[in-house]
Amino acid sequence: MFTLPPLPYADTALDPVISANTLGFHHGKHHKTYVDNLNNLVKGTDLEGQSLEAIVQATAGKADKAGVFNNAAQVWNHTFFWNSLRPGGGGKPSGKLGEMVDASFGGYDNFKKELAQACVTQFGSGWGWLVADGGALKVVKTPNAETPLTKGAKPLLTIDVWEHAYYLDYQNRRADFVNAVIDKLLNWQFAEKNLAG
Ligand code: MN
């Protein structure tokens, strides 16, 4: 059985960029529903007892397993998202990641623009990502529950751009949400750990 992992910070810790109200619904309702759905869907099947990553990989791109994939990938994506944020985060990373940002995007400002653009132009629901791929950093976007995990890239950071991620705090202003997250919350220490892992 999968369980909802607790948030890695207090529900007020990301305020005012992300309010406790938004975190309460997003983590306590949306993320939890994906966990509950996944448990119900795999119960009594040959996927029961497998790791979350194994279920995501085993069901990706299979039309008859779309329900399992959607819920498993959303569980994984959301846990990754909470860890991609931290109070007092954001801004230009230092050290190796800072050098890689410069080498891959031609500077932090270009990186920021590219990530914000990917998040804002993801039509409908989805995710914006920073990934490591072939020794370079790349920005990618994925629709709905899709995740770079199944496409051979190594996810470093993500931003949830489903409306439920920002609507209570920002209504239709997705760009304001995304820019505030990039400036104030991105957890570069988590990215560094993922790059090394
Ligand atoms: Mn979400």
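The values are calculated or read from the model by the stated rules, or taken from the named source; none is laboratory data. Just so it is clear, the model here is predicted, and its values are computed rather than measured. FYI the Cβ positions are ideal-geometry reconstructions off the backbone, even for glycines, and counts take in every protein chain you see. Each accessible area value is taken on the protein alone, full model and side chains, heavy atoms only, with ligands, DNA and RNA left out. Shrake-Rupley method; radii C 1.70, N 1.55, O 1.52, S 1.80 Å.
Viscosity 1.306 mPa s, temperature 10 °C: Stokes-Einstein D of the chain from its Kirkwood Cα radius, in µm² per second? Don't skip to the end; give the middle numbers.
Working: Rh = 17.1 Å.
After rounding, the answer is 93 µm²/s.
Considering the chain as a Gaussian network with a 10 Å cut-off on Cα pairs, which listed residue, A136, A20, A60, attains the greatest mean-square fluctuation?
Among A136, A20, A60, the largest GNM mean-square fluctuation belongs to A136.
Gaussian network model of the chain, Cα springs within a sub-10 Å range: biggest mean-square fluctuation belongs to which of V68, V42, V140?
Ranking V68, V42, V140 by mean-square fluctuation puts V42 first.
At 1.4 Å probe size, with the rest of the protein present, what percent of the exposed accessible area of the stretch 127-197 is carbon and sulfur atoms?
Values: 1490 of 2980 Å².
The nonpolar share, carbon plus sulfur, comes to 50 percent.
Positive end of the dipole of the stretch 95-196, charges at C-beta (+1 Lys, Arg; -1 Asp, Glu), about the Cα centre: which of T150, L137, A116 has its Cα farthest in that direction?
My answer, from the dipole projection, is T150.
Using +1 on the beta carbon of Lys and Arg, -1 on that of Asp and Glu, and nothing else charged, what's the dipole of the stretch 95-196 about the Cα centre, debye to 20?
Value, rounded to 20: 140 debye.
Compute the relative contact order of the stretch 95-196 as a whole-number percentage, counting only Cα pairs closer than 8 Å that sit 6 or more residues apart in sequence.
Averaging sequence separation for qualifying contacts and normalising by length gives 25 percent for the stretch 95-196.
Charges only on Cβ, +1 for Lys and Arg, -1 for Asp and Glu: so what's the dipole of the stretch 20-83 about the Cα centre, in debye to the nearest 20?
Numbers: 5 positive and 5 negative charges, 37 e Å.
It comes to approximately 180 debye.
If you put +1 on each Lys and Arg Cβ and -1 on each Asp and Glu Cβ, how big is the dipole of the chain around its Cα centre, in Debye rounded to 20?
Working: 18 positive and 19 negative charges, 27 e Å.
In debye, rounded to 20, the chain gives about 120.
N39 label point, 7 Å along Cα→Cβ, cut-off 16 Å on backbone N: hits in the stretch 57-77?
In the stretch 57-77, the label zone of N39 (backbone N under 16 Å from the point 7 Å along Cα→Cβ) covers 71-72, 75-76.
Classify the stretch 1-117: rounded, prolate or oblate, from the alpha-carbon gyration tensor (a ≥ b ≥ c, eigenvalue square roots; a/c under 1.5 rounded; otherwise prolate if a/b is larger than b/c)?
Working: a/c = 2.73, a/b = 1.56, b/c = 1.75.
Cα axes put the stretch 1-117 in the oblate bin.
Using only Cα atoms, figure out Rg for the stretch 20-83 and give it as a multiple of 2.2 N^0.38 Å. All intermediate terms of the calculation are to be shown ahead of the outcome.
On the way: Rg = 12.1 Å, N = 64, 2.2 N^0.38 = 10.7 Å.
With N residues counted in the stretch 20-83, Rg over 2.2 N^0.38 Å equals 1.13.
Longest span of the chain, sites excluded, free of trypsin sites (Lys or Arg not before Pro) in DSSP loop with at most 15 other C-beta atoms within 10 Å?
Details: sites that count: K43, K62, R173.
Answer from the scan: 63-172.
Would you calculate, for the chain, the mean residue ellipticity at 222 nm contributed by helices, counting each DSSP H stretch of 4 or more residues as -39,500 (n - 2.57) and dividing by all residues, to the nearest 500? Present the calculation step by step, with values, prior to reporting the outcome.
Working: 9 runs with 92 residues, N = 197.
After summing the helix terms and dividing by the residues of the chain, the value is -14000 deg cm²/dmol.
Starting from the 7 Å offset along Cα-to-Cβ, what nm value, one decimal, do you get for the label separation of D133 and Q117?
It works out to 1.5 nm between the two label points.
Run the numbers on the chain and let me know its relative contact order in percent, using alpha-carbon pairs under 8 Å that are six or more apart.
Numbers: 288 pairs, mean separation 48.5, N = 197.
Relative contact order here is 25 percent.
Report the gain in length on full extension from A103 to M1: 0.36 nm times residue separation, minus Cα-Cα distance, nm rounded to one decimal.
Working: separation 102, 0.36 × 102 = 36.72 nm, distance 4.26 nm.
Length gained between A103 and M1: 32.5 nm.
Quick check on the stretch 95-196: take the gyration tensor over C-alpha atoms, sort the square-rooted eigenvalues as a ≥ b ≥ c, and tell me if it's rounded (a/c under 1.5), prolate or oblate.
Details: a/c = 1.93, a/b = 1.44, b/c = 1.34.
In terms of gyration-tensor shape, prolate.
Beyond a 18 Å Cα-Cα separation, which of these cross-linked pairs lie in this structure: K32/K62; K96/K154; K92/K112; K32/K193? Don't skip to the end; give the middle numbers.
On the way: K32/K62 24 Å; K96/K154 16 Å; K92/K112 9 Å; K32/K193 26 Å.
With Cα atoms farther than 18 Å apart: K32/K62; K32/K193.
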